[in-house]
Amino acid sequence: MCEEKGNAMVVAILLLGLLLHGSPAHAANYTVGDSSGWTFYVAGWENGKNFKAGDTLVFKYSPTAHDVVVVDKSSYDSCSVPANATTYNSGNDEISLGKGANYFICSIPGHCQPGRMKIAANAA
């Protein structure tokens, strides 16, 4: 009986070791706009990227010139900011992607217009 407990303990320790040394999935970080950052004509930067839920978008920009607003599809399409929108303005914002569509715009008047400062990142 004592030998069985000892064997069970060894097996448990081995299994714990395997779990701790396994290779966990890591979320990726993406700098929006790459080396140019979050600036004019960044729209389309997200195309062709395979985002996953939990990945982080890093928005780098001058906080005196721009901001980042998390919006829904309708607000993204119309370049409008709903009253309950989350706005970032540090100039170095890190935003984790949720599963599905994630929409971001710059709320400074004229900045979001088509082809300018807006992205839609779809995360699997």
Subject >> Order of HIS111, HIS26 under a 10 Å beta carbon neighbour criterion, fewest first >> reply: HIS26, HIS111
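What is the sum of charges around GLY100, taking Lys and Arg as +1, Asp and Glu as -1, for the other residues whose C-beta is under 12 Å from the C-beta of GLY100? Numbers along the way, then the final one.
On the way: positive: LYS52, LYS73, LYS99; negative: ASP72.
Within the 12 Å Cβ shell, the charges total +2.
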Original post:
So for segment 28-123: antiparallel DSSP bridges make up what percent, rounded to the nearest 5?
Top reply: 80 percent
Subject >> Under 26 Å from the Cα of LYS118 - lysines, other chains or at least 8 residues apart >> reply: LYS49, LYS52, LYS60, LYS73, LYS99
**OP:** Would you please put 31-38, 65-72 in order of how densely packed they are, using the mean number of other Cβ atoms within 10 angstrom per residue and starting with the highest?
**Re:** 65-72, 31-38
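Every number in this text was worked out from the coordinates using simple rules, so none of it is lab data. Here the structure is a predicted model, which means the values were calculated and not measured. Counting neighbours? That spans all protein chains shown, and the Cβs are built from the backbone with ideal geometry, glycine included.
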